[in-house]
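Encoded as structure tokens, the structure appears first; notes follow it.
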Amino acid sequence: MAKEEQRADLTWKAFKKGDKKAFAVIYRDHVRSLLNYGYKVTSDRRLIEDSIQDLFFELWKNRAGLSDTTSVPFYLFRALRYKIMRNLKSSAGSVLQQLEEVPEAFDLSHENYLIGLEVQSLQMAHLKDLITKLPRRQQEAINLRYYHNFSNEEIARIMGVNYQSACKFLYSALKTLKANLHVSITSYLFFMIFF
């Protein structure tokens, strides 16, 4: 087990025993990526923020009964997606509108955005434009795979679909992107992740 995984495991166990500092570490380490991920599910910022707040409130309240996890990010992403979907369903008449709405811009992490500004690459701008034109579920799958490094199996479980559907979302997205770019799509996605 890598040091980072060990630290996350110890932090999770300490949190389950009621350690407030460990809970704060979990929140601090994951809240930004959860917020970014929330935008892949809905564009309603208030609903996303409320869902994250509810998620952490329920985590603290039910900490003693929580099971151990091998991946805190996976656990949080899946729980947040479930919470957002439940909140969307309870919002009067807005479910279809929220799920079908295309975001105005593909939301990159702050660091990735700054690098994009520095590089001023036409290919990066083109890739970003192409991603925004993908269907929402394909955008979500790309985000989970290349921005949060989840496996295809984890993506399927987070999105609440079977493994083949998750693979199809990724395959279709990459095929569309590759057909419209004259360079390797994966190299650009990795560039956006690490820089």
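Some observations on this one:
- Sum of side-chain charges, Ile84 neighbourhood, beta-carbon under 12 Å (Lys, Arg +1; Asp, Glu -1): +3
- Mean separation of Cα contacts under 8 Å (6+ apart) over length of the range 34-87, as relative contact order %: 54 percent
- For the range 131-172, a/c is not less than 1.5, where a ≥ b ≥ c are the root eigenvalues of the C-alpha gyration tensor, and a/b does not top b/c. That puts it in the oblate class.
- Nonlocal amide H pairs with Ser43, under 5 Å, H built at 1.01 Å: none
- Listing Tyr146, Tyr37 from fewest to most neighbouring C-beta atoms within 10 Å gives Tyr146, Tyr37.
- Residues Thr176, Thr70, sorted so that the one with the fewest Cβ neighbours within 10 Å comes first: Thr70, Thr176
- Euclidean distance of C-alpha centroids, the range 1-46 and the range 53-68, integer Å: 11 Å
- Violating pairs (Cα-Cα greater than 27 angstrom) within the set Lys61/Lys168; Lys3/Lys128; Lys3/Lys83; Lys21/Lys83; Lys21/Lys89: Lys61/Lys168; Lys3/Lys128; Lys3/Lys83; Lys21/Lys89
- Cut-off 12 Å between beta-carbons: net charge of the residues surrounding Asp9, Lys and Arg +1, Asp and Glu -1: +1
Each value in this text was obtained by applying a stated rule to the coordinates, not by laboratory testing. All figures in this text were calculated on a predicted structure; none of them were measured in a lab. Neighbour counts are summed over all protein chains in view; Cβ atoms, including those assigned to glycine, are modelled from backbone coordinates with ideal geometry.
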